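Read-outs: derived from the displayed coordinates by stated rules, not from any lab. Values in this document were obtained by computation on a predicted structure and should not be read as measured data. We place every Cβ from the backbone using ideal geometry, glycine too, and count neighbours over all the protein chains shown.
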Amino acid sequence: MNNATPHALYDARRALVASQLGKDSIAIIPTALERPRNRDSDYLYRHDSYFYYLTGFTEPGATLVIQSDGTTTLFCQPKDLEREIWDGYRLGPEAAPEALGLSAAHSNTELDQHLPKLLENQHTVWYPFAIHPGLEGRIDGWLGKVRARVRYGALCPEQQRDLCSILDEMRLVKDAHEIATMRRAAQISAGAHIRAMQLCARMIKDGKDVREYHLDAELLHEFRLHGSQYPAYSSIVAAGANACVLHYRADVAPVKSGDLVLIDAGCELDSYASDITRTFPANGKFTGAQKELYELVLASQEAAAAATKPGARFIDPHDAAVKVLAQGMLDVGLLSKDKHGSAQDVIDTRAYFQFYMHRTGHWLGMDVHDCGGYNELSELDKTTERKDPLSNETIKNRPSRILREGMVLTIEPGIYVRPAPGVPEKFHHIGIRIEDDAVVNGKGCELISRGVPVKAVEIEALMTK
């Protein structure tokens, strides 16, 4: 358990879940499984986000049960002094209720014994759908044991419902403690980006062989140096043309003077993610063509940030960014005005998609692509249809989510230029993305990741230090 998190926070979250289950209902929330990497070695363990959100408990092999009357039961690893010598300390079921504020706890070896009894005479069983392989089958087995007792007057749950529908809405708006943790994660990640930029410039200046993995190593060092437990996702370190591959991973490619380098990397701190992208000149100086496109992407990000505020829609920052990018693509010659017309024509035909093919943001929280729907739940009945001009498929439009204070999202427009007929050669193989983490507040939004510079002149100055 994260000792920095107030104990009452988890109590309140579990109570809120219980209040939404409905009468005579029960929720089952497992943590993540340990996964083997190779013989006698597992992947570095990371708990399930939903489970941790309700418990603050990080040990594997655990399951939380919440009943609508507020009773909470944990099944966890039993104390085993021999295994603890090898694998580390276990809290154990005897200490868990007091340590975690739960009603009861049992060994996870007793899960199959207790669950049928807990399910008996309940109306609805809730659990996270399509997340834990094998869970649905186990629940079927427990329900089968309940059904075997119906002749003795037992009632079997009539409904199974997706607990994510409750938890996603809870997790979508962050409290002050969550935002403070995410702000610290963003600060650590910003420092890592600065170190990678400066290392790159120094190595090139000294005539050394620079590889993408050198910069990746610098990121990892800075993350751990300041207490981050893991990277929040596999870092993208892409030099030159590799920056045009959206999900490229840090590899052995050389970083050459004159290249742009795109780094998309963020640490995870106390189970909360950060997500930052910066694009910078490997030698510390943008070329004319690089700077031209960089300034365009930065202008689009500024427009998106201005559109991120309470009462706006989630789609509004994307639309604001696209509007700037569409006009800019025409102005710099990426798209021909004779062929594509006005900026609005570029938007209507989605001609910009050749160079900008992803959304401008996503939710951020315990998961780097955090949970939470992107449609406004109160307006799901307001559905329209449109034909996509590129694929010609029919797409259903539903009203986009209304932004509220405490929501956290990324703002990350980009431009990716692959060689193609009509595309000016000076822009070939340039990939640029600028990404910051935005907390929606009463004034609009706060970009909590701006500890690393974003203006071209500030990046150039930073890389001379």
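Values computed for the structure shown
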{"item": "Fewest-first ranking of Glu379, Glu435, using other Cβ atoms within 10 Å as the exposure measure", "result": "Glu379, Glu435"}
{"item": "Length-normalised contact order for the chain - Cα pairs under 8 Å, 6+ apart - percent", "result": "13"}
{"item": "Kirkwood Rh (inverse of mean 1/r, distinct Cα pairs), the range 95-246, angstrom", "result": "20.8"}
{"item": "Fraction of beta bridges assigned by DSSP in the range 7-170 that are antiparallel (%, nearest 5)", "result": "50"}
{"item": "Phi-based couplings in Hz for the range 168-179 (Karplus 6.51, -1.76, 1.60; Gly and Pro marked x)", "result": "4, 5, 5, 6, 5, 9, 8, 8, 4, 5, 4, 5"}
{"item": "With Cα atoms, 0 to 90° folded angle of helix 315-332 axis to the chain main axis", "result": "20"}
{"item": "Anisotropy class of the range 173-462 from Cα gyration tensor, a/c 1.5 cut", "result": "oblate"}
{"item": "Sequence ranges 210-220, 147-157, 442-452, 46-56, ranked by mean other-Cβ count within 10 angstrom, highest first", "result": "46-56, 210-220, 442-452, 147-157"}
{"item": "For Trp126, distant residues with modelled amide H under 5 Å away", "result": "Ile26, Ala27, Ile28, Arg161"}
{"item": "Simple Cβ-charge dipole of the range 343-465, Lys/Arg +1 and Asp/Glu -1, about Cα centre, in debye nearest 20", "result": "180"}
{"item": "Estimated 222 nm signal from helices in the chain, with DSSP H stretches of n ≥ 4 weighted -39500 (n - 2.57), rounded to 500", "result": "-11000 deg cm²/dmol"}
{"item": "Helix axis angle, 7-20 relative to the chain longest principal axis, alpha carbon, degrees", "result": "80"}
{"item": "In degrees, nearest ten, helix 212-225 long axis to first principal axis of the chain (Cα)", "result": "50"}
{"item": "Karplus (6.51, -1.76, 1.60) ³J(HN,Hα), θ = phi - 60°, over the range 114-122, in Hz, Gly and Pro reported as x", "result": "8, 4, x, 5, 5, 6, 4, 6, 8"}
{"item": "Shape category assigned to the range 214-358 from the gyration tensor of Cα positions, a/c cut at 1.5", "result": "oblate"}
{"item": "Gyration tensor (alpha-carbon) shape descriptor, the range 280-419, a/c threshold 1.5", "result": "oblate"}
{"item": "Mean Cα-pair separation over length for the range 232-357, i.e. relative contact order, pairs under 8 Å, 6 or more apart, %", "result": "15"}
{"item": "Partners for Lys443 among lysines (Cα-Cα distance below 27 Å; same-chain residues under 8 apart left out)", "result": "Lys174, Lys309, Lys323, Lys455"}
{"item": "From phi via Karplus (6.51, -1.76, 1.60), per-residue ³J(HN,Hα) for the range 33-44 in Hz, x at Gly/Pro", "result": "7, 6, 10, x, 8, 7, 4, 6, 8, 9, 4, 3"}
{"item": "Proxy reagent accessibility, fewest Cβ within 10 Å first, across Asp175, Asp436, Asp367", "result": "Asp175, Asp367, Asp436"}
{"item": "By average C-beta atoms within 10 angstrom, highest first, the peptides 61-74, 272-285, 411-424", "result": "272-285, 61-74, 411-424"}
{"item": "Long-range amide H partners of Ala105 with built H, under 5 Å", "result": "Leu74"}
